[in-house]
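In what follows, a single structure is set out as structure tokens and then discussed.
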């Protein structure tokens, strides 16, 4: 009891102090806020002519529909006005919804706030919402789209993608209105379940580098994987930390295996892999990778796949001791690191780091070429944003929700509205995260420096080292890779474990998605 | 009774100290001088404006090492950075990128606020300066800005 009284006493004391300070100082936020340097001319902004807004066809009048959507990173902030605490409030989706509702008065769109702190928390929330019959109609399928599909949470959108966007060009299919079809993930059952909203500028993952170190050591921006390794060796010999990786669950990210360090080594298997003879990514059946694992086309027994891992390990040898357990970012900020692995999503944060005193930049992950391996081909290069083979953020229609509420058509229409060029541009460009996914939507000039670099042209049909085939496979391979690159696991044992994880991942997908393998 | 008087005295003393700190901090004057080129920005989604900032004390001496938070208060342009630090001459600069005019992002005067977060730390009220960047309709779509420097390095910061 005394303790509670004591706490109350302290609180009262504190409140009294604050009150007296406020009275004595005669403060007012606005007075102090303006400081002594008044605005030059703070008249209200003058809006001038604006382009004609795209006409939105109204849906069938009558039936009142409420759509519920959860949009993770695009969720509007509570603060709508910029302040020091919320310097860049998110308001775009509010405006977009307001606009949509004006044109479609029978539709009400509600934003459902979901946990954003971790994937696990979000998945738990979604599971609960679905079980309770309260899931949103449109949702971010997280970065485990596969898991959402396996749980039958998502509605296939194939038939809609083959028709025109209700708000777009009537002569173009919805799918063709996007920058490239590879942004859509095709599942082994041949269906599409998610619609891409934004994509990476260049590549989602990249290398940040210390230009001062590169200039001092007379190093050029690496154009091939071998040139990267050579540059890092020189930096290491000069006493710098050659490279620091991003660490996931105390293991490596394995990001480079997804393309640059795998595809140039597997081009010889393309015909064997593309068993239906598809001419483009969109024509592919979707089950090619599962078949390739089961048929031994993707196999750790093959020297090409072992070579991929060897080249990855060479990069890992450039990391400092303790990479898996220690925070290496202070070394980067102090200018002691030549190259750091990172993502384009960190760009704004890097640009705003005032603690750093060296000149820095980014370069795309260079591809393996013939200077690295006898198995590799030299991919052609071109200037401009690299064509993405996946999106960075999708939205999908939640099957149990729309089926229960009868909102399928309205959910599709709203998703189509979000992927018109003008709306997609406004929504994605509000905060620099990446590029819009729809043709005709402008990219932000902040990414122009990346557009100026050359990137390898990845063939539309290609075979990466897909360690992300299932979350279980990724975890198992990640654990084994962490030990192997630290020389705590023998080569043969490592390759056997990777093979086992990939095969089990494929078997699980075939079973869970009831894949017909009779034509394999 | 005596304890109550002591408690009240302590409260008044604490309040007095905090008030003095507040006054000292609030009365520290700094002078912002902002220039930018070009003097207006084209809403073409490609061009940019380079903003130069000079931060001085009232006696004219430059304030080096001040951290400035940059906030777009109105408009739709993009800041290249959200924070900059003044150099030994009290200077800092940043780029403000254009946007493409649309019904969601109309042509309008953009308003930027600089907040010197190195001043006012004690009371949490920073020195601020607001300026406007006029924005005009685009004429011809022909610019192609490059981020490469002379040595072929893709430079973004530092």
Residue match in segment A:376-388 (condition: buried (at least 24 other Cβ atoms within 10 Å of the Cβ) and over 19 Å from the mean Cα position of the chain (by Cα)): yes
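Residues are listed down the side, and each one gets a yes or a no for (1) in a helix (DSSP H, G or I); (2) within 14 Å of residue A:166 (Cα to Cα):
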{"site": "A:385", "(1), (2)": "no, no"}
{"site": "A:395", "(1), (2)": "no, no"}
{"site": "A:404", "(1), (2)": "yes, no"}
{"site": "A:411", "(1), (2)": "yes, yes"}
{"site": "A:414", "(1), (2)": "yes, yes"}
{"site": "A:425", "(1), (2)": "yes, no"}
{"site": "A:433", "(1), (2)": "no, no"}
{"site": "A:442", "(1), (2)": "no, no"}
Test result for residue A:428, touching a residue at least 12 places away in the same chain (Cβ under 8 Å) and away from chain B (no Cβ under 14 Å): no
Residues within segment A:217-267 that are in contact (Cβ under 8 Å) with a residue 40 or more places away in the chain, crowded, with 16+ Cβ neighbours inside 10 Å and in a helix (DSSP H, G or I), tallied: 18
Qualifying residue in segment A:454-465 (condition: surrounded by fewer than 22 Cβ atoms within 10 Å (Cβ to Cβ) and within 14 Å of another protein chain (Cβ to nearest Cβ)): yes
Segment A:234-252: number of residues that are within 25 Å of residue A:484 (Cβ to Cβ) and in contact with a strand residue (DSSP E or B) (Cβ under 7 Å, 6 or more places away or on another chain): 8
Extreme residue, farthest from residue A:353 (Cα to Cα), among residues of segment B:51-74 that are part of a loop (DSSP other than H, G, I, E, B) and under 15 Å from the mean Cα position of the chain (by Cα): B:63
Residue list for segment B:99-129, filter: assigned to a strand (DSSP E or B) and either modelled with pLDDT under 95 or more than 7 Å from chain A (Cβ to nearest Cβ) (or both): B:100, B:110, B:112, B:113, B:114, B:115, B:116, B:127, B:128, B:129
Test: residue in segment A:301-320 that is over 23 Å from residue A:488 (Cβ atoms) and buried (at least 16 other Cβ atoms within 10 Å of the Cβ): yes
Any hit, segment B:85-92, residues being assigned to a strand (DSSP E or B), out of contact with any helix residue (DSSP H, G or I) (no Cβ under 9 Å at 6 or more places or on another chain) and at the interface with chain A (Cβ under 10 Å from one of its Cβ atoms): yes
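Against the definition (crowded, with 17+ Cβ neighbours inside 10 Å, under 22 Å from the mean Cα position of the chain (by Cα) and without any contact (Cβ under 8 Å) to a residue 24 or more places away in the chain), how does residue B:48 come out, yes or no?
For residue B:48, the condition - crowded, with 17+ Cβ neighbours inside 10 Å, under 22 Å from the mean Cα position of the chain (by Cα) and without any contact (Cβ under 8 Å) to a residue 24 or more places away in the chain - is not met.
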Any hit, segment A:75-92, residues being crowded, with 18+ Cβ neighbours inside 10 Å, in a helix (DSSP H, G or I) and touching a helix residue (DSSP H, G or I) at 6+ places or on another chain (Cβ under 8 Å): yes
Qualifying helices (runs of 4 or more DSSP H) (wholly inside segment A:287-358; at least 2 residues being more than 24 Å from residue A:204 (Cα to Cα), assigned by TED's automatic domain parsing to the domain that holds residue A:231 and in contact (Cβ under 8 Å) with a residue 24 or more places away in the chain): A:288-294, A:303-316
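A quick yes/no check of all residues on (1) within 30 Å of residue B:99 (Cα to Cα); (2) at pLDDT 95 or above; (3) at the interface with another protein chain (Cβ under 9 Å from one of its Cβ atoms); (4) assigned to a helix (DSSP H, G or I):
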| residue | (1), (2), (3), (4) |
| --- | --- |
| B:17 | no, no, no, yes |
| B:20 | no, no, no, yes |
| B:23 | no, no, yes, yes |
| B:76 | yes, no, yes, no |
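The values are calculated or read from the model by the stated rules, or taken from the named source; none is laboratory data. What you see is a predicted model, and the numbers here were worked out from it, not measured in a lab. We place every Cβ from the backbone using ideal geometry, glycine too, and count neighbours over all the protein chains shown.
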